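For reference, the structure is listed below as structure tokens.
The values are calculated or read from the model by the stated rules, or taken from the named source; none is laboratory data. All figures in this text were calculated on a predicted structure; none of them were measured in a lab. Positions of Cβ are backbone-derived with ideal geometry, glycine not excepted, and every protein chain shown enters the neighbour counts. Accessible surface is based on the protein model in full, side chains and every heavy atom, while ligands, DNA and RNA are left aside. Shrake-Rupley method; radii C 1.70, N 1.55, O 1.52, S 1.80 Å.
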Amino acid sequence: MAKIQLNGKKIKINSNYCIKDLIKKFKLKENKIAIELNGVILPKKFYSTKKIKNKDNIEIVQFIGGG
Amino acid sequence: MKKDNLKIDKITLTSRLIVGTGKYKNFKETAEAVKASGAAMVTVAVRRVNILDRNKPVLMDYLNPKKIVYLPNTAGCFNSEDALRTLRLAREMGGWKLVKLEVLGDKKTLYPNMIETLKSTKILVREGFKVMVYCSDDPIIAKKLEELGASAIMPLASPIGSGRGIRNKLNLSIILNNSKVPVIVDAGIGTASDAAIAMELGCDGVLINTAIAKAKNPILMAESMKHAVLAGRKSFLSGRIKAINYGKASSPTEGLI
């Protein structure tokens, strides 16, 4: 298991997970989100190859209502 | 009258009213108000996905970004670093290059921090963003933003969400006279007449959120704002009469019995 921080919350995931697996796990849609991995934006083309490591800090954002 | 579209950078909008999507009861109300307003562009904020409750609806399910232009904003950012981070994420989400920059300087007044705003504008333009900038109504700052490459200047009319209307017509007029890019009043509209005044002054558009979302009947107010913007714009284009101090009869005196 890998311990990561996702959107400010500590969670545990399978250690062989890539970003795409994480997206699937939380039932997210790729075209509706953007991801930051350890403070750096991760381009969508790397979602299926980028493995998640222990202590990674991941932020997943979307659009919400705003003025 | 031929089509009077608003052009910002290379994007053509069929309405001069831009609406915010915050503060509504729910997404259904948001979508209905946006429809009633006739707006072709909506502002949206970038926030964390709620990973614990994935059944919650998302904005994109109600407002299709393929049908209405999304203008990602940096609401809630108090420094350049946070604003840049937010807009880079927005761009990654789906290629949004036209963005609204808003760097706040003070939680109480929500006045913009223009030092951080100028700094951010410069960087964003360099990175290929098309930046619509929320700013103070200082003509010198507005000109500076244009020189830095802003795609639109968006001065406040009064503090965000205050509903105090157009407080400084003179400054807005000077900004309008100096500006070659669209000038859009971004904050402070409280009711339809405020929007009409902004348009009568010659503003290229208005951006409204709270005045619609927090009205008792947001859908009706959205419609009202739509008409106010159209009325104000047409009034501006038609050229108003000169105001005088004394009466001037409308009926001829000739043939008076």
Task: Unique residue being within 30 Å of B:V133 (Cβ to Cβ) and not hydrophobic (A, V, I, L, M, F, W, C) when the list is B:K216, B:K234 - done: B:K234
Task: Check on B:L145, over 23 Å from B:D4 (Cα atoms), in a helix (DSSP H, G or I) and touching a strand residue (DSSP E or B) at 6+ places or on another chain (Cβ under 7 Å) - done: yes
TODO: Have a look at A:I64, A:I4 and point out the one that is within 10 Å of chain B (Cβ to nearest Cβ), buried (at least 17 other Cβ atoms within 10 Å of the Cβ) and assigned to a strand (DSSP E or B).
DONE: A:I64
Open item on the list: One residue is enough: does region B:47-63 have a residue meeting the conditions more than 8 Å from every other protein chain (Cβ to nearest Cβ) and more than 30 Å from A:I13 (Cβ to Cβ)?
Closed with: yes
Task: Every residue from region B:200-227 that is over 24 Å from B:K169 (Cβ atoms) and either at pLDDT below 95 or not hydrophobic (A, V, I, L, M, F, W, C) (or both) - done: B:K214, B:K216, B:N217, B:P218, B:E223
TODO: For residues that are part of a loop (DSSP other than H, G, I, E, B) and either open to solvent by 50 Å² or more (accessible area, probe 1.4 Å) or not aliphatic (A, V, I, L, M) (or both), tally how many sit in region B:193-227.
DONE: 7
Task: Candidate set from region A:22-39 (those that are at the interface with chain B (Cβ under 7 Å from one of its Cβ atoms) and surrounded by 12 or more Cβ atoms within 10 Å (Cβ to Cβ)); member that is farthest from A:D56 (Cα to Cα) - done: A:K32
Task: Selection count, region B:228-240, where residues are open to solvent by 100 Å² or more (accessible area, probe 1.4 Å) and modelled with pLDDT of 95 or more - done: 1
TODO: Determine which single condition B:V34 fails, assuming it passes every other condition in (1) farther than 26 Å from B:L84 by Cα; (2) in a loop (DSSP other than H, G, I, E, B).
DONE: (2)
